[in-house]
Amino acid sequence: MERRSSGRPLHRRILDAIRAEIASCKPGEKLESQNELAMRFKASALTVREALSALAEEGLIERRRGSGTYVSDWRNRQHIGVLIEMDIAHPRTSYFYRRVTQQLRVILRERGYREQLYAGHHPPDDPWNGELTCREFLEDLNRGLLRGLAVVGTDARGAWFDEVRRRGLPVVGAGAGYEYRVTIDMRRLMLAGLDYLLAHGRRRLAYMAWGKAGDFSAALKERGVEARSGWIRHDLHPSAQGAGWEELREIWAACPDKPDGLLISDDILFSDARAAISDLGVRVPDELMVVSHANRGICFPASFPVTRIEVDPDVCAQAICATLIDLVEGRTPASKVIETPFWIVPPSGATLPAVEEPAATPGQTCKED
């Protein structure tokens, strides 16, 4: 059976194999003859001709009558894709992702690469099943128009990523599951904020985050500080309207005793929580010291002083571009995983040095209610 052995038509598998070989060929280089290819792939001449015709349509090869098949200057028609599945026009889509996406385009252009934005329209607070909503990306991927891919806020899963991986396309992601990726170590960020609050004499600590929050309880106990479950909120997606407001109200209603320190690990959660803090008449920082994750370069309005733990989306974009360009040009990047730094910025505005390894500061044990 010539047509199938792995679920894909034979001519498609031949096409993929030749396309991968072409990536290391020079423009004008002559390929094997149709008959030689048929012998190598153990296929009929008709099947090989079908594969070559598809490659010619993609512009990867030129078929010259009486001369043979040659590699075309296909790099001139390829570009580097910038993919984000989230709806960048949605008011609750993180500024971080939107800024990284645009800076990737700017940096690639400045370095002489053609770039193309592929933006989906998936709401940021809805569960994602791994299926892309940007059809243009899938079309260009199948046409062989991508030379490399930078992915923002989109996990490496689904049929689209299987196809990217099968084609051997260089890819760097700011998201989960990528071999080459740029990340923010949220645990380190949390520890930095926790230790800052402890260093300023706060011992009754509350925490707002999204997803896993067990590390905060463990870190408190390691420092000899009581962890109160009612003061640790992590079950509402930050992009859900009013999530931060509801989480703060839940913390405040959890018990008669109130926290004297609050750490928020997401800037969107803070944007809602600040309204609840004002509504409740909490005096900051006298009654409650607030430390929150923030993105450098964006306004952080509040009627009370807030210590920011800043992440710079531009630094993230630069790291993604540097790694991706190395891969595209056939170089081995210095690291597969890059962690972006963050800075603690007190209300005074005096930025502290970038946090590398936050020191563990033992705290005092809280009294029982």
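The values are calculated or read from the model by the stated rules, or taken from the named source; none is laboratory data. Just so you know, these numbers come straight off a predicted model, no measurement behind them. Here the Cβ is made from the backbone with ideal geometry for all residues, glycine too, and neighbour counts use every protein chain on show.
Structure summary
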read-out	value
Residue 42 at positive phi and basic (Lys, Arg)	yes
Condition check for residue 136: more than 30 Å from residue 308 (Cβ to Cβ) and in contact with a strand residue (DSSP E or B) (Cβ under 7 Å, 6 or more places away or on another chain)	yes
Selection from region 43-85 of residues that are without any contact (Cβ under 8 Å) to a residue 24 or more places away in the chain and among the hydrophobic types (A, V, I, L, M, F, W, C)	45, 46, 56
Unique match (being surrounded by fewer than 18 Cβ atoms within 10 Å (Cβ to Cβ) and more than 22 Å from the chain's Cα centre (by Cα)) among 211, 224, 158, 193	224
Complete set of residues in region 13-43 that are basic (Lys, Arg) and either over 16 Å from residue 61 (Cα atoms) or assigned by TED's automatic domain parsing to the domain that holds residue 146 (or both)	13, 40, 42
Matching residues, region 244-257, being within 28 Å of residue 126 (Cβ to Cβ) and in contact (Cβ under 8 Å) with a residue 40 or more places away in the chain	248, 251
Residue check for residue 227: in contact with a Ser or Thr (Cβ under 8 Å, 6 or more places away or on another chain), without any contact (Cβ under 8 Å) to a residue 24 or more places away in the chain, over 30 Å from residue 98 (Cα atoms) and not basic (Lys, Arg)	yes
Those residues of region 253-305 which are among the acidic types (Asp, Glu) and in contact with a helix residue (DSSP H, G or I) (Cβ under 9 Å, 6 or more places away or on another chain), in sequence order	260, 266, 267, 272, 279
Elements of type helices (runs of 4 or more DSSP H) contained in region 18-124, each with 1 or more residues being within 16 Å of the chain's Cα centre (by Cα) and surrounded by fewer than 18 Cβ atoms within 10 Å (Cβ to Cβ)	95-110
For residue 179: the one exception among (1) more than 20 Å from residue 93 (Cβ to Cβ); (2) more than 13 Å from the chain's Cα centre (by Cα); (3) surrounded by fewer than 16 Cβ atoms within 10 Å (Cβ to Cβ)	(2)
Odd one out for residue 151 among (1) touching a residue at least 40 places away in the same chain (Cβ under 8 Å); (2) assigned to a loop (DSSP other than H, G, I, E, B); (3) under 13 Å from the mean Cα position of the chain (by Cα)	(2)
Neighbours by Cβ (under 7 Å, 6+ apart or cross-chain): first from region 185-205, part of a helix (DSSP H, G or I); second surrounded by fewer than 19 Cβ atoms within 10 Å (Cβ to Cβ) and among the aliphatic types (A, V, I, L, M)	195/359; 195/360
Conditions (1) surrounded by 13 or more Cβ atoms within 10 Å (Cβ to Cβ); (2) farther than 26 Å from residue 262 by Cβ: number failed by residue 330	(1)
Boolean, residue 224 is modelled with pLDDT under 95 and either over 16 Å from residue 194 (Cα atoms) or not acidic (Asp, Glu) (or both)	no
